[in-house]
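Chemist: Take this structure, written in structure tokens, and hold onto it; I'll ask about it next.
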Amino acid sequence: MAKLTLNDIEVKDKKVLMRVDFNVPIKDGEITDDNRIVQALPSIKHVIDNGGLLILTSHLGRPAGTPDPEFSLKPTADHLATLIDAKVHFAEDCIGEKAESVINAAAFGEVVVLENVRFHPEEKQNDEEFSKKLAAHGDLFVNDAFGSSHRAHASVAGVTRYLQPAVSGYLLEKEIKYLEESVNNPERPFVAILGGAKVSDKIGVIENLLSKVDTIIVGGGMTYTFYKAKGLPIGNSLVEEDKVDLAKELLEKAEEAGVKFMLPIDSVAAKEFKNDAEYKVVPEDGIEDGWMGLDIGPESSIAFGNQIKNAQTVVWNGPMGVFEMENFADGTFAVAKALAEATQNGATTIIGGGDSSSAIKVAGLSDQVSHVSTGGGASLEYLEGKELPGVASLTDK
Ligand SMILES: Nc1ncnc2c1ncn2[C@@H]1O[C@H](COP(=O)(O)OP(=O)(O)O)[C@@H](O)[C@H]1O
Ligand SMILES: O=C(OP(=O)(O)O)[C@H](O)COP(=O)(O)O
């Protein structure tokens, strides 16, 4: 990454404003998955251990641009205090007197967590005045919020107009390194696996990856729009009628590009969209009226698994079925296992956030793949070939 990083700057006696992605799931005031906080610890520790005063900003959820206790970052500050050996202060606002008084009372080597930036509508508007107020807190800026780096918001991008140097944190650097190397310089064979509900979310990714990968594997709800494009029966399966022509085009483009495009050769079809619905395994031309495909079938799991195990670079985004329901989770877990095996065989395996990272976690295989991204939307946009505003706005090396 041709951008300055934390290693290029001195933080001693500096007020370091760092954007993190502490947008973690919270239930009844308890954090149910602290992975994003844990992943930011290397950057956090670097600053405090080297004598900087660390000021953290983040969003949490999607509040309506006004203070809302449901979306307070206070639980993340309390949790951070249990993970590091330094005092953690919390400011009830991210700008103004409430923020300044807490920052002024904090010492070098300590941390201040500022309240949710999205309590101000100016955050999402990338407002100049708001960006200036955030920037005024620090002597330099660090972006370690990979999961938010596709957002051209004030605390991610706007702030860099008024606070330089603006450098990347270790998490952001690691995320970009994995994605960059896999997309631009992959060891081959390079296999991309795409699943999830909608073709429309993944079109850009498929188009961009067609010129880079050897094999594209498609599963999940997206499958049936492609089935329809091929004239296969889909019953009541999920379908995006307005994307059928595009699916046809993508299949043609893959053929022209010499990319192997694999769709499931069988499905687990059910009568209803619920776990205890009647279900059966059917071949690709076997989804009858009144039935819907909710998972890839066992033959597909084997075929996809064989491709994945023989790959040297694998990128996976989106589950192969409705993995939240036990009866339709096998395909997703089979793919997760195949990624773990590929990793053992020396492949670089990357999971692009969102539901696929929950699936690999449930499968207990998170530490058996090369990299589980902390950003779903951000990694998808990177894979689409888009520039991430949170990266583009950092100071060039
Ligand atoms: N065959 C299917 N029919 C309906 N929904 C599906 C099917 N396969 C997967 N899904 C659903 O897709 C959702 C995930 O889609 P998406 O948000 O696009 O993935 P991701 O978050 O990994 O990008 C999951 O909730 C899953 O239940
Ligand atoms: O959770 C996030 O994105 P993700 O669910 O796509 O991984 C990020 O914190 C960004 O949140 P946003 O999509 O509300 O801007």
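The values are calculated or read from the model by the stated rules, or taken from the named source; none is laboratory data. Everything numeric in this text was worked out from a predicted model, so none of it was measured. Here the Cβ is made from the backbone with ideal geometry for all residues, glycine too, and neighbour counts use every protein chain on show.
Chemist: Filter segment 19-44 down to residues that are away from ligand 2 (no atom under 16 Å from the Cβ) and outside any helix (DSSP H, G or I) and give me whichever is farthest from V159 (Cα to Cα).
Modeler: Filtering first and then ranking leaves D28.
Chemist: Also, quick follow-up: Select from segment 201-212 the residues that are at pLDDT 90 or above, surrounded by fewer than 21 Cβ atoms within 10 Å (Cβ to Cβ) and within 16 Å of ligand 2 (Cβ to nearest atom) and list them in ascending order.
Modeler: Within segment 201-212, just G204 meets the criteria.
Chemist: Sticking with this one: Scan segment 67-77 and tell me whether some residue there is under 23 Å from S393 (Cα atoms) and either part of a loop (DSSP other than H, G, I, E, B) or touching a strand residue (DSSP E or B) at 6+ places or on another chain (Cβ under 8 Å) (or both).
Modeler: No, because not a single residue in segment 67-77 is under 23 Å from S393 (Cα atoms) and either part of a loop (DSSP other than H, G, I, E, B) or touching a strand residue (DSSP E or B) at 6+ places or on another chain (Cβ under 8 Å) (or both).
Chemist: Here's something else I'd like to know. Please verify whether segment 145-152 includes one or more residues that are of a type outside the set (D, E), within 16 Å of ligand 1 (Cβ to nearest atom) and either more than 23 Å from the chain's Cα centre (by Cα) or within 17 Å of L6 (Cα to Cα) (or both).
Modeler: There is at least one residue in segment 145-152 that is of a type outside the set (D, E), within 16 Å of ligand 1 (Cβ to nearest atom) and either more than 23 Å from the chain's Cα centre (by Cα) or within 17 Å of L6 (Cα to Cα) (or both).
Chemist: Pairs under 7 Å by beta carbon, first residue touching a residue at least 24 places away in the same chain (Cβ under 8 Å) in segment 201-222, partner of a type in the set (D, E), six or more apart or different chains?
Modeler: G204/E384; V205/E384; N208/E384
Chemist: Counting just the residues of segment 1-32 that are acidic (D, E) and surrounded by fewer than 14 Cβ atoms within 10 Å (Cβ to Cβ), which one comes out modelled with the lowest pLDDT?
Modeler: Of everything passing the filter in segment 1-32, D28 is modelled with the lowest pLDDT.
Chemist: Would a scan of segment 354-362 turn up a residue that is closer than 28 Å to V167 by Cβ and either touching a strand residue (DSSP E or B) at 6+ places or on another chain (Cβ under 9 Å) or in the same structural domain as L163 (by the TED database) (or both)?
Modeler: Checked against the condition, which is being closer than 28 Å to V167 by Cβ and either touching a strand residue (DSSP E or B) at 6+ places or on another chain (Cβ under 9 Å) or in the same structural domain as L163 (by the TED database) (or both), segment 354-362 yields at least one hit.
Chemist: If you don't mind, another one. Checking A154 against (1) surrounded by fewer than 24 Cβ atoms within 10 Å (Cβ to Cβ); (2) free of Cβ contacts under 8 Å to residues at least 40 places away in the same chain; (3) of a type in the set (G, A, S): exactly one of these is not met. Which one?
Modeler: Against the list (1) surrounded by fewer than 24 Cβ atoms within 10 Å (Cβ to Cβ); (2) free of Cβ contacts under 8 Å to residues at least 40 places away in the same chain; (3) of a type in the set (G, A, S), A154 comes up short only on (1).
Chemist: Taking the options V11, V47, V16, name whichever one is in a loop (DSSP other than H, G, I, E, B) and more than 16 Å from ligand 2 (Cβ to nearest atom).
Modeler: V11
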